[in-house]
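K.L.:
The structure is given below, and queries will be raised subsequently.
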Amino acid sequence: MSDNANDNEKKLREALARLEASTRKILDTRGYSRDARSLKMLEEMLREQLTNGYTRNSTRSIR
Amino acid sequence: MATLVIQLARFGDVFQAWPTLNALRRSQPGEELHLLVRERFAEAAAYLESMGVRVHILPTRKILAPFFSPAGGEVLRDEAAALNGIFDFLQPLHAVGFSRIINLSFSPFSSFLTDELAGASGAVVSGYTRHNDGFLRIPDDSSAYFFAQAGIGKWNRYHVCDIFASVAGVELTPEDYSHPARVGAKGNTVLVHIGASQVSKSYPPEMWADVLRGLVHAVEGAIVIVGAANERAMSEGICSKVRSGRILNRVGQSSLSELCRWVNEAALLIGADSAPAQIATLMGTRVLNLSCAAVNFWETGPLAEGSRILYADEMHQISIGQVLAEAASMLNGGRPSENCIVRQNGAYQLPVSLRDKEPENFGWKLLQALYTSADYPELPAGASSLAFHRLFDLAELAVDQFEQWRHEGPSAPAKTILESVDEMLAGLPGMDPLVRPVVDWFQTERLRLGPASSEETLKATRSLFEQLLWVAAVYHRRAEGNRMLGRAADLVTLCAPRLREYDLNSIQDSFQELMTIASTAAAAPTKVDVVNPWPEVLNRLQSALERRDFIEAADILEADWTEVLNRVRGQLSWEGGREGDANRTAADAN
């Protein structure tokens, strides 16, 4: 993996960790609101980039 | 009225959704049809627009750009900018006001997106979305089937094209498998796709070189190698080993429209399970598909009539000779080899080596029994029914706990037992994969229970455990019945000679056990169209015993009973289980 790719992955992992914390906070305080949904969307979008996995089945692990 | 189809999976999946798009256009004339795809599929927009489909692109790079900017790292600012990107993307979609959303992506991101769009417009949804508490919601049975039973290592045999159509609620016709670029006749070019989405799905590069060397001698036309840009280096390595002016390396150099045109004109495509093979399905181009256990050819194999599949557990086990012989046979109109899977008359025709393969056959029949009105299959020869007994015991235990809960209210022990049941259920497929379809079906149906009051949730969960009990009972009762019938045969052999000698004392316990088995069998309900033979023969035996005619009793045991014992195997309810009931219950649930 090139330095650039490594750097991008690092940035994404950090962003994902921050988003997870933000989402958890909102879910705990306000429940599943529209804000939480938007953050979850962003969070899952980032996760798809990181795993580069087959998105078709990946829902299985999140419940 | 506008329908949105969301397909954010891989390239190949978009092509596999194509027949569903055609069917939707056909079945909803006059309604707007929209499709949301990823950026890399934007090139296909022209084709789709020509079909009357409005294409929307998910701008992933733009939305995530703030996280990569040199000035990035400011937490709130990056998130806010990315969220603004999402809102900008959503705005025109919200403006359409979809009446129906069909999510064919089966991914977490798409489920939140579907929830967002449907929440705003009140659209009817099929495919993954979210409950109002944020948990995954699977509103339709077809998506639930996919969630539970599709994928590598599972026993699904429904093709993804058919599952997509089922999620969308449309019936596919042969005409739906078409693409705007499907014009004109086939040429004599052979396309070779050397790559696949994963290494485990790919044929080894050194073997491709030998295949290409052989193809140069076997075919008359050009041999065009196709693939994605990241397969360029591999293709150059392969081509450096094979010198021929007829081999054209186009890997990473073709546009999507060029690829479609080449696939359309080709006499044959050789390759693994990947997007070009899915395009071939739409172009009616035959494929020689190299497949292995890392993919499920039933789900994603080529559908063009006359296509063939060479299958081995691992790719390298498919010999170069096999590939060359099959390719030559396909080009020359020859018959498939005996180990080849052939797409014929709209179905995969299996070779003898795969036709009766277990546990695959059992697994597929079990899926059909769970989700359709098919009969439950016999366990494969030699397979243990122990895991099904455990399943039965766990379901029974859970139902008992719910019953107690209903009468006595919630209790800590009941809660602990139910948690243990959940844990042990999850571990059962590890003990025996044969029960996996049932456990996956059950757990998916549980997951589908929406947010509700404690009482409603309790009632719905109990109902699901009762359904699980019926399904498990099929195999629980069957094994128990077989064991009892075997024991009865042994007891007849023991008791009949003694009866002829009027020696009832030495067989008293054995005879009593025999009568108990017969009485149980006589009381057991039978399948609807089968008369239970036990009451009649039991009455005759009792009559003989009352008259102390032990010779006649022995005759009845040795002749009539033995005949009945042989006949009832497979007929009594404990052998067939309460199949009708179990079928109905499972079918109702799905």
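The values are calculated or read from the model by the stated rules, or taken from the named source; none is laboratory data. All of these numbers come straight from a predicted model, not from anything done at the bench. Positions of Cβ are generated from backbone atoms using ideal geometry, with glycine treated the same way; all protein chains shown enter the neighbour counts.
So that you can scan it fast, the table gives a plain yes or no per residue for (1) of a type in the set (V, I, T); (2) assigned by TED's automatic domain parsing to the domain that holds B:A395; (3) modelled with pLDDT under 90; (4) under 21 Å from B:Q368 (Cα atoms):
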site: B:M424; (1), (2), (3), (4): no, yes, no, no
site: B:P437; (1), (2), (3), (4): no, yes, no, yes
site: B:S454; (1), (2), (3), (4): no, yes, yes, no
site: B:Y475; (1), (2), (3), (4): no, yes, yes, yes
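K.L.:
So, restricting to helices (runs of 4 or more DSSP H) that lie completely within the range B:177-284, which ones have at least 3 residues that are over 23 Å from B:N22 (Cα atoms)?
P.N.:
The qualifying helices (runs of 4 or more DSSP H) are B:205-218, B:232-239.
K.L.:
Do you know which residues across the range B:86-113 are farther than 10 Å from B:I6 by Cβ and β-branched (V, I, T)?
P.N.:
Passing the criteria: B:I86, B:V96.
K.L.:
Would you check if there is a residue in the range B:130-143 being surrounded by fewer than 20 Cβ atoms within 10 Å (Cβ to Cβ) and closer than 27 Å to B:E49 by Cβ?
P.N.:
no
Condition check ((1) in contact with a strand residue (DSSP E or B) (Cβ under 6 Å, 6 or more places away or on another chain); (2) among the small types (G, A, S); (3) surrounded by 13 or more Cβ atoms within 10 Å (Cβ to Cβ)) across all residues:
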position: B:I318; (1), (2), (3): yes, no, yes
position: B:Q322; (1), (2), (3): yes, no, yes
position: B:M330; (1), (2), (3): yes, no, yes
position: B:G334; (1), (2), (3): no, yes, no
position: B:I341; (1), (2), (3): yes, no, yes
position: B:D356; (1), (2), (3): no, no, no
position: B:N361; (1), (2), (3): no, no, yes
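K.L.:
Inside the range B:130-143, can you point out the residues that are under 17 Å from the mean Cα position of the chain (by Cα), in a loop (DSSP other than H, G, I, E, B) and within 11 Å of chain A (Cβ to nearest Cβ)?
P.N.:
Correct list: B:I138 only.
K.L.:
If you scan the range B:535-590, which residues turn out to be among the aromatic types (F, W, Y) and at pLDDT below 90?
P.N.:
B:W561, B:W574
K.L.:
Would you confirm whether or not the range B:25-37 contains a residue that is at the interface with chain A (Cβ under 9 Å from one of its Cβ atoms) and touching a Leu at 6+ places or on another chain (Cβ under 7 Å)?
P.N.:
no
K.L.:
Turning to a different aspect of this structure: Only one of B:E326, B:E403 is assigned to a helix (DSSP H, G or I), among the charged types (D, E, K, R) and closer than 23 Å to B:V211 by Cα; which?
P.N.:
Answer to the selection: B:E326.
K.L.:
All but one of (1) out of contact with any helix residue (DSSP H, G or I) (no Cβ under 6 Å at 6 or more places or on another chain); (2) surrounded by fewer than 17 Cβ atoms within 10 Å (Cβ to Cβ) hold for B:I57, so report the exception by its number.
P.N.:
Answer for B:I57: the failing condition is (1).
K.L.:
Looking at B:F146, B:F106, which is the one that is part of a loop (DSSP other than H, G, I, E, B), in contact (Cβ under 8 Å) with a residue 24 or more places away in the chain and surrounded by 21 or more Cβ atoms within 10 Å (Cβ to Cβ)?
P.N.:
B:F106
K.L.:
Being in a helix (DSSP H, G or I) and within 11 Å of chain A (Cβ to nearest Cβ) is the filter here, so list the residues in the range B:118-129 that pass it.
P.N.:
If the condition is that a residue be in a helix (DSSP H, G or I) and within 11 Å of chain A (Cβ to nearest Cβ), then B:G119, B:A120 are the ones that fit.
K.L.:
Also, quick follow-up: Can you spot a residue in the range B:393-405 that is of a type in the set (S, T, N, Q), surrounded by fewer than 16 Cβ atoms within 10 Å (Cβ to Cβ) and under 28 Å from B:A144 (Cβ atoms)?
P.N.:
There is no residue in the range B:393-405 that is of a type in the set (S, T, N, Q), surrounded by fewer than 16 Cβ atoms within 10 Å (Cβ to Cβ) and under 28 Å from B:A144 (Cβ atoms).
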